[in-house]
1. Tell me the residue from 55, 49 that is surrounded by 16 or more Cβ atoms within 10 Å (Cβ to Cβ) and either farther than 20 Å from residue 7 by Cα or in contact with a helix residue (DSSP H, G or I) (Cβ under 9 Å, 6 or more places away or on another chain) (or both), please.
2. Restricting attention to the range 92-140, which residues are in contact (Cβ under 8 Å) with a residue 40 or more places away in the chain and at positive phi?
3. Just a yes or no: is a residue in the range 25-46 over 30 Å from residue 118 (Cα atoms) and modelled with pLDDT of 95 or more?
4. Would you check which residues across the range 25-55 are touching a strand residue (DSSP E or B) at 6+ places or on another chain (Cβ under 9 Å) and under 17 Å from residue 108 (Cβ atoms) and list them?
5. Residues in the range 1-36 that are surrounded by 15 or more Cβ atoms within 10 Å (Cβ to Cβ) and in a loop (DSSP other than H, G, I, E, B): how many?
């Protein structure tokens, strides 16, 4: 289903595939949408796409990535395909990202910064589970 979603947003999208262009595009998008630069680790990303008309964003990795954010002690998995709709200070309808809570992996569906002055970023998972962390934990 994720591949179909990506395919449906490819027309008029900006798509980059070289390692240098991927780094530049990721930095540009996080800056433009006021999100922390380290929110989506770029390891093994083969493609980043963004459709400015719809706000749709995706990454395609060579392999699934399990990432440990040492600043907050949380494990997160990034599937080969991660998608979201970008808005100012928000990623909504996120697919392909899971975080370990207690002994369960839960899908992250929304990431947002309600008040930048608070220094907090809010993650919402399926079943309404919400966690708040310092924005600084996700900066490069």
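The values are calculated or read from the model by the stated rules, or taken from the named source; none is laboratory data. As the structure is a computational prediction, the values presented were derived from the model and not from experiment. Methodologically, a virtual Cβ is constructed for each residue, glycine included, from the backbone with ideal geometry; neighbour enumeration extends over all protein chains shown.
1. 49
2. Listed by number, the list holds a single entry, 96.
3. Going through the range 25-46, the residues over 30 Å from residue 118 (Cα atoms) turn out to be 44-46.
Subset that is modelled with pLDDT of 95 or more: 45-46.
Among the residues of the range 25-46, at least one is over 30 Å from residue 118 (Cα atoms) and modelled with pLDDT of 95 or more, which makes the answer yes.
4. Residues satisfying the conditions are 33, 35, 36, 38, 39, 40, 41.
5. Final tally of qualifying residues: 4.
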